[in-house]
Amino acid sequence: MICFPNAKINLGLHIVSKRPDGYHTIETIFYPVGLKDALEIIPQDSSAPSLNEKGFRFFPSGIPIKGETEDNMVIKAFNLLATEKQIPPIDIYLLKKIPFGAGLGGGSSNAAFMLKLLNATFALGCSDDNLRDFAAQLGADCAFFIKNKPAYSFGIGNELEEIDLCLDTYYWVLVKPPFNVSTKEAYAMITPRQPEISLKEIVKKPVSEWKNRMKNDFEVPIFKKYPQLCTIKEKLYEQGAVYASMSGSGSTLFGLFEKPPQLENIFPDCFVWTDVDC
């Protein structure tokens, strides 16, 4: 059985306060976008060669995945669900297309979709609430991908409130330069503040008004350290974007366009994705 875990972007991001436990209270709008990985599981006989003691074989491809297999979010999701459910032996195939360290939630999406895929394939009987509980144990934004619908997120990013928002009439462009921004580094640059207007109210305004209203608090300090990101944002507006912003703590910038953008040779050496041909 196969599925296609998609990326997300953050429409605005406010760092509201720092908690005693070291986490930060935030608010943001999660929105799913069409850049996707591919994830497939194939049931195997228990005697399949090279099957490990936990009952799976893992076959990653696409963008190279660094680190140990057990640290991959797909495997963490499998191991977590296997603590409470009986899962037959499987082969796991993951084709990575969503860049790492990009503020696009690729790992979180993989984990959430793995939970949903296992639940559907083996009729494990988990409700959406059950799956969200499992997902929340894997990462703050994993739970978003269970329903995978536009949502206002608050708390540490784990509290979700679905919102009525459709951007299907716009063309998306994602641009990621050949470097990442560390989330830990990004938060170290931030001074939390209470927003004057909640993103939940700003997102109700026309997209044409977002440029001067909807902000990502990470942009000011991160653009100072990585001016290339500011340049990418400026170029998106020069090419006709109605709204452009950094997603999460970076390093991806995205733009919303009313017409198909012409981006040939605009962002050399960058990963560029657009849904124009999707």
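The values are calculated or read from the model by the stated rules, or taken from the named source; none is laboratory data. As the structure is a computational prediction, the values presented were derived from the model and not from experiment. Cβ: placed from backbone, ideal geometry, glycine included. Neighbour counts: every protein chain shown. Remember, those area values only see protein heavy atoms, side chains included, never the ligands or the DNA or RNA. Shrake-Rupley method; radii C 1.70, N 1.55, O 1.52, S 1.80 Å.
Structure notes:
- Residue, farthest from residue 117 (Cα to Cα), within region 24-60, restricted to residues that are of a type in the set (Ser, Thr, Tyr) and touching a strand residue (DSSP E or B) at 6+ places or on another chain (Cβ under 9 Å): 25
- On the stretch given as region 115-145, residues that are aliphatic (A, V, I, L, M), within 22 Å of residue 10 (Cα to Cα) and in contact (Cβ under 8 Å) with a residue 60 or more places away in the chain total 1.
- For the residues 153, 208, 182, the requirement of being loosely packed, with under 15 Cβ neighbours inside 10 Å and under 16 Å from the mean Cα position of the chain (by Cα) singles out 182.
- In region 62-86, the residues that are more than 16 Å from residue 125 (Cα to Cα) reach residues that are polar (S, T, N, Q) and surrounded by 19 or more Cβ atoms within 10 Å (Cβ to Cβ) with C-beta atoms within less than 6 angstrom, at least six apart or across chains, in these pairs: 73/110; 74/110.
- Within region 50-71, tally of residues that are within 17 Å of the chain's Cα centre (by Cα) and within 15 Å of residue 91 (Cα to Cα): 0
- In region 125-146, residue surrounded by the fewest Cβ atoms within 10 Å (Cβ to Cβ) [restricted to those that are outside any helix (DSSP H, G or I) and not small (Gly, Ala, Ser)]: 126
- Residues that are farther than 17 Å from residue 105 by Cβ and touching a helix residue (DSSP H, G or I) at 6+ places or on another chain (Cβ under 8 Å) within region 55-78 comprise 55, 56, 58, 69, 70, 75, 78, listed in sequence order.
- Residue 235 of a type in the set (Lys, Arg), out of contact with any Pro (no Cβ under 7 Å at 6 or more places or on another chain), surrounded by 16 or more Cβ atoms within 10 Å (Cβ to Cβ) and farther than 19 Å from residue 8 by Cα: yes
- Of all residues in region 186-205, exactly one satisfies the criterion of being within 21 Å of residue 251 (Cα to Cα) and open to solvent by 90 Å² or more (accessible area, probe 1.4 Å), namely 191.
- Taken as a whole, region 210-232 holds at least one residue that is free of Cβ contacts under 8 Å to residues at least 40 places away in the same chain and part of a loop (DSSP other than H, G, I, E, B).
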